[in-house]
Each structure stands twice: as C-alpha cells, then as structure tokens.
C-alpha cells in the first residue's frame, strides 16, 4: 500500500503547526513532498524539522556551505529525491553553477580516493593525531 | 601478502617526481602513507595527484570548503584513513572546532533524511526543476 | 540490451518448479518481478529462493520482525524495488503503520549516529566485549 | 589533532546534565565513548540524546526489536563502533544468540538481494502499491 | 533548476574536442548522456574522459574484465544510470549472458558476506599478510 | 559480549563437516577466521559455504576474475576483513600486482563516476536498452 502525501487541507492541527513553521521559515507557500510524507508520523515530522532548523541555521558555517555539504552527502548516497531537493535548496542559498561543478568534482574524487585508501589498506599516519 | 609503503629513498624516479611535487605544493617534508601505498602503481599515483591538484585548487569554492566536503564524504563512507587524513587537512586549511562540529551535525542529519526520503518513497516535486 | 521478465508460460521446467514453490509458500497467484528477472539465471533463482525460505522462516525472530529488518536494510541501501517489495511484504506479515513509522525513525537515526561515530573517530569501549 | 573523550569530571554543566540523564535512563555508572566524543559539540550531544530517547522508547515496536534494527543498519554500513555498541545494547535488551544469528542472516541476505534487484534492473510491480 | 544535456551542436570548442575523441575512440556517432551533462563543467568532462581512457585501456586486465568490474561497483552502489550504461558497455566488450549472470551472483554474495564479516566482527588472520 | 572463534577441536560435528569440506576444497590446513565466527550459527555457516562453492566455481568467468570482482565489491564497501581476505584469495588464484593495481584503479574510477552520474541526475539513454 503506497502512502499518499498529506496536504495542508487534510492535515491534523499538530501537522499544520509544523507546516506553518516550515513555510514561515523558508518563505514558501507550500511545503515540499518530503514533509507531506513524513507527516504520516507526526512525531518524526516535528523532530526532523526541529533538528534541521538547529543544524542548518547560520553558524560557524554559513547556509550555502551547509546546503552544499547536504548535497554532497545526498550525491554520495545516491538519494534521487534528496539530490533534486538539495540542489534546489543550495542554489536558492547562493550556490552558483561554478560552485556546483566544483562541488561535484570534489565529491567524485573523494569517493574515488576513499576506495583507493581501502584497497591499499593504508595505515593511519601518526602525524594526523598530533 | 601485505604491500609495504614506498619511501622516497626506495622510490623510482617517476615516483620521486610526484613525491617532490606533493611536498612542494603542501610545504611538507614527507608525503603521507596514502601516497606511499599508491606508489605501487605509479600511473595511479600520478593521475590521482594531478586530479587532486586541479580539483582542490581554490576556485568558486575555497580550499577549506573543499576539504570539509572531502571530509563529509569520507565520514559518510566510513573510511577511517580518509577521516583521519582529511580532518587534519581541513584543520590545516582553516576549519575550526566549531566548524567541525557543525559539519558533522549536517553530515549526520543528511544521512538520516536521505533514508527517510527512501523509506517514505517520496516523489520528486516538479518545482525542483523549474 | 534490457532483459525481459520471464513469465510462467515461457519458463523452462526448472524455473517453473521454483515459481510453483514460491506461489505455494506465499499463497499467491503469480511471482513478483524480482523472480521473473532472476529466472534468467536459474541457478541463482533456485539458490536465492532456497536461502530466503530458510532465512525468513519463523524462528527465534518472527516473520514480521524479519521482514522489518529486511526493509530497514533496503531503506539504508536505497534500493527502490526492494523498499516497495518489502514494505508490502512487511505489511502482509503484520506491520502496522505505527510500526512502520517507528521503524523508519530508527533506521534514520541509526544512519545518522553511524556517521557521528565515524566522524568523531570514537574508540570501542572495552566494556562492550565483557 | 585527535579529539579526546570528555569525562564527567571535566565536563561543563550542560554536558553533565546530559550525562546524568543518560546514566539515569540506562541505569549505568558512566556514559560510553560515543557520548564522551559528542560532548565536544554540546548542542549535538543534547539533540542526539533527546532524539534517541524518543525514537528508542517502547512503542508499536518493543526495545529489543528497535535495538536489533539499529544493529542491522550498523552492520550494513560497517560502522565498527556502532556494531560493538549496539550488539551489547541489543543483548542487554533481550537479544539471545539465536536471535543474533538469525538477524545477521537476514541482514546478509537483504544486502545480497538488494544488489540482485539493482543488477537485473527489476521494475516495481504495480501490485505493491495497491 | 534542472540542467539540460549539451548536444554537440551547442557545445563550445573545448567540449566538442572531447566529444570527438570519445566518438573516435568508441566508434560511435554521438556521446551518451553522461558526457552531455558533464559538459556543464568542461574541466571535469576532460579530466574524467582522460582518466577513463587510461584506466580502461587493455592492460594486465582486458577490457571486458574492466567493464565487468565497473558494472559490479555500479550494482553495489545502486546507480541506475551506471548499471544501464555499463551493462551495455560490458556486453559490447564481450560479456555474454552467462558471464552476466555469474557476475551478479558474485556481486550479490560479496555484498552478503561483507556484512556477515562486519556483524561477526571477524579479526583479520595474520596469514593474510604473509 | 564478544564472540570467540570456534576452532576445529571445539566444534560440533555439523560444523566440523563444513570445515573439512572447506579445507579439502581449498587445500588448506585450517579454515580462516570468517568461518570460525560464522560457526556460531551452523545453518548460516553451511548455507554460506554451499553458496560460495557454487558461485565461485569456474564457469563462464574464471576463478581469478570472480575473486577480483569479490575484492572490488569489498573495497567499495570498505570491509577491512574482506579486503585482506579476498586480496589473498585473488593473489592465490593468479592476480598479479599489475592486475591488482589496474583493478583498484577501475574500482576507484567507478565509485567516482557513479557519483557524477548521481549529481548531474543523468537520464538513461534509450539506446542502452536496444
């Protein structure tokens, strides 16, 4: 049985409260599908949104950097929804096409050298811990 | 049969040339273990170094951002050597402990929501492609 | 060249024998696509079905627990077919929507803390092995 | 620079508060290394503990089932710390050796059939969404 | 904003040069979509093609073996595009259906036993390094 | 509680039977640690060995090719035990150092381009299915 997205009109008050906060925070008219599916478990919806608000707030890293890291992880894991969603979010936060190209080049290379390090069974240099 | 690292003193000229370039570029006295194991395949050693030089050079993204993305991928993939190595490289490039903490928080959260999106089988919003 | 599914009507006797056993075991009228593609390699079809019968039989863990674990792995790996297939199987075995929501919450959290443990390079506590 | 674990004696009040809650909840004398490293980022420490308390509480799924799912994900991802830690937690919650053996068999098989489904490019059966 | 593929007719000279080399090398009339998207970052397009030419050239391993390894990795990672693309490339290089079936069986089994080794926390035998 | 390896001398008859078959097949004096840990679940031990015997037997692919594919998957997944074990097995089956270097280069590159294909959201070319 495939779940259906829960639109604002059909949402319980506790879900609407989260939708309102997301829309207010992001200055958007409707939440995206991720939230509409997560709404099937209101506890998870709320906890996920609250965590994301904290984690993605500007801090020592700025928002566009955080969005690009999010995209890098999503590309590494191959989550199609997440790649589409976070590419859009990163562009909205200020990622240019040049930044995007460089980001993917780093992600590709890191995934390559991670396996070279695995395959050659490279021992950790003591110097890394000084 | 476990491979042994190839030190400069025992390296063929083509390998020494790459080691020299790495040391010159990074202003270090000796290359790390990753390169000493890759040296078993001089073609791979050279190609990997040349690619890394291009990809990690300052551009639309600055070096500390590139190193943090490299670390984010390594943490996602769980490569122990790479995590140690790129944590050191990122700190050397300017990543503070506050930046490191925020980076890991984003990486953790992204790995979580990637699976929530998978599990809820969320369809891609048309708006992401406008 | 894309392979086509092998339907019962077109299947060799050795494949039909496996299809019959699957249909009998699961009380279904037709096997799902996974088996119809695996049928291109009858040895793999047979070995996979025999292994699954053994592994998924009720034992110290009951069938719905086993199906939920199967779904947890599929969600972690991001296999779209497997998530659809095993969500259906888990529901058929008794997984309610409340169980499903809690399952995904655990899967998401585990994928997050796995990376936090990686990133912080946490050493294994001796107490875990007592 | 390798981070060091933060023991209770050296912890700031906000960190001690979390340690106290963990120790109280789990009826243990000292928190494990995961928390002692996470303590370098008190916001992440607190948020992770609060999320885990909610997610791992008994609900539609009981605690031993949740711990086994956590272990299944950790085994799939290959996180050595997490496998050690969650094997211990699952045993403490009631997982017998027979349950453990069956759990690993399911995890192994799921990781296998996930790739068979990928490799044979199996299309999702419409029946899964009815 | 979804990127569009860059066709030869719309490509800058530096991109056309790479397309020409790919078409000449592979004896094909048009490059596939992978290259048409990579073309958004001409440096990555060029570096990727040059690396692939070197890595996939006949050597101690022949081309069909290299293509099958490429497919094995793509199946393990679940990259849908890559599985389709490299299945075609491997067949073109000489992979028969029998070889394909055996390849997937090995890939599935390896993904299974990798997790059994993780879950049972098997220590490395000293004999492996003699 | 960490499991201990089960040596032949302490093994139940059903386990010894599998150990004997492994030792006979591989012409070795003692089984490696993987089997000694799997022996905690004799059903899994037996099923895994029987499957491996079938899957790894010479066929359309020869043994060294199968071992190299096994190693490629293990390197991709980062299983330390499996990389050590299957590097040894591949060398024993005939993999030279030159073959090993080329294998790792392909594995690294495939892991890189898999992510580039993900990140650029490349659609599958119709031509791949003709």
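Can you put C:121, E:26, D:16 in order of Cβ neighbours within 10 angstrom, beginning with the fewest? Before the final figure, lay out each step's value.
Working: C:121 18, E:26 12, D:16 15.
Ranking C:121, E:26, D:16 by Cβ neighbours within 10 Å, fewest first, gives E:26, D:16, C:121.
Taking neighbour counts of Cβ atoms within 10 Å as a proxy for exposure, in what order, fewest first, do C:38, B:3 appear?
Working: C:38 31, B:3 16.
Neighbour counts put them in this order, fewest first: B:3, C:38.
Compute the helix-to-body angle for D:63-77: its Cα long axis versus the longest principal axis of chain D, expressed 0 to 90° and rounded to tens. Helix D:63-77 sits at roughly 80 degrees to that axis.
The value of relative contact order for chain F, using C-alpha pairs under 8 Å at least six residues apart, is 16 percent.
If Rh is defined by the Kirkwood formula over all Cα pairs and Rg also comes from Cα, what ratio Rg/Rh do you get for the protein assembly as shown? Please report the intermediate quantities before stating the final value.
Working: Rg = 25.1 Å, Rh = 26.7 Å.
Ratio of gyration radius to Kirkwood radius: 0.94.
Taking only alpha carbon atoms, segment C:57-113 gives an Rg to Rh ratio of 0.96, where Rh is the Kirkwood radius.
Taking label points 7 Å from Cα along the Cα-to-Cβ direction, residue D:62 and residue E:50 give a separation of 6.3 nm. Three principal axis extents of chain B based on alpha-carbon atoms, in descending order, are 56, 35, 29 Å. Between the Cα long axis of helix D:42-56 and the first principal axis of chain D there is an angle of about 50°, rounded to the nearest 10. With angles folded into 0 to 90 degrees, how steeply does helix A:80-93 sit against the dominant principal axis of chain A? Use alpha carbons for both and round to 10. Between helix and principal axis, roughly 90 degrees. Distances between every pair of Cα atoms in segment F:1-72, grouped in 10 Å steps from 0 to the bin holding the largest one, split as 19, 47, 27, 6, 0 percent. Summary of the geometry: segment C:29-47 and segment F:30-108, compared by the centres of their Cα atoms, lie 25 Å apart.
No lab work stands behind these numbers, since they all come straight from the coordinates. Since the model is a prediction, treat every value here as computed from it, not as a measurement. Don't worry about glycine lacking a Cβ; one is built from the backbone with ideal geometry, like all the others, and counts go over all protein chains shown.
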